[in-house]
């Protein structure tokens, strides 16, 4: 996987029976097909939405800026996470130098962080726009660019351990692969736990807090200005803000559905490898479909835009 080892990972040098080899080869083709489909859908969807943003560039709204960077983050996932894994499935082994191995594994995680923290930045911006409109108005432009820049910097910095964990190693005689090395038995557990905390758990807490505050603010505004709402239809909050709040909520829910199984299985395999379902089609599909989030996001953007 992106975080710990290659998709077909096995540290054993023992040869499998012929029938097992045939099953493995057939299943590798299925995994490659799924990854290829995800890559095409993610690339086409995000490029199509970028074209839509380009046509509407004169409006230059704050939401469009965040969506632009979310789109770019999803394209990073498609080209630097999904595509390399697709090529590895086709060739069965990583084909490249040690430098390329470390670079690919680094960029694979950059996409995960960027997509997540750009979502956090957009949600925080929605929180300020709805809950603290005056602060958002006075410091909106500066805060917006600062949060986007911070999201990219965090992504680049938090992904740096991949450069030292992964390297090109000889896994069989004259057979090399891009492999992770941990201090056993606790190294992989700490790293996977940290990745889960930084990519999933901490952002989820921030997203949940902001969304709850946004919803309660909108509810009390609607309740307090019910009469005004019948006349203007604003409910104290503009329709544009309500639409972007709904869009943010759907993006968060989709992210949770796509990534939760991935991180649950990762933690399970790290802390209880003997009982974890690390083999078989279910495990492989869970690992692959996590990137499906990059396919769904552009269509969510288009629907609400």
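Derivation of every value follows stated rules applied to the coordinates shown; laboratory data play no part. Here the structure is a predicted model, which means the values were calculated and not measured. In this analysis, Cβ positions are derived from the backbone assuming ideal geometry, glycine residues included, and neighbour counts consider all displayed protein chains.
Length available on full extension from residue 29 to residue 257: 0.36 nm per residue minus the Cα-Cα distance, which gives 79.5 nm. Computed from the C-beta positions of residue 53 and residue 156, the FRET efficiency with R₀ = 35 Å rounds to 0.90. Three principal axis extents of the stretch 21-304 based on alpha-carbon atoms, in descending order, are 76, 40, 33 Å. Does the stretch 69-108 come out rounded, prolate or oblate by the C-alpha gyration tensor, with a ≥ b ≥ c the root eigenvalues, rounded set by a/c under 1.5 and, if not, prolate when a/b is larger than b/c and oblate if not? Because a/c hits 1.5 or more and a/b fails to exceed b/c, the stretch 69-108 counts as oblate. Counting beta carbons within 10 Å around each of 172, 89 and listing the fewest first gives the order 172, 89. Each of 222, 119, 112, 287 was scored by other Cβ atoms within 10 Å of its Cβ. Arranged with the fewest first, they read 222, 287, 119, 112. Ranked for footprinting exposure by Cβ neighbours inside 10 Å, fewest first, 110, 120 give 120, 110.
Here residue 194 and residue 286 are evaluated by their C-beta separation; at R0 = 22 Å the FRET efficiency comes out at 0.60.
Our analysis of the stretch 67-192 gives Rg over Rh at 1.13, with the two radii drawn from alpha carbon positions and Rh computed by the Kirkwood formula. The value of relative contact order for the stretch 21-304, using C-alpha pairs under 8 Å at least six residues apart, is 24 percent.
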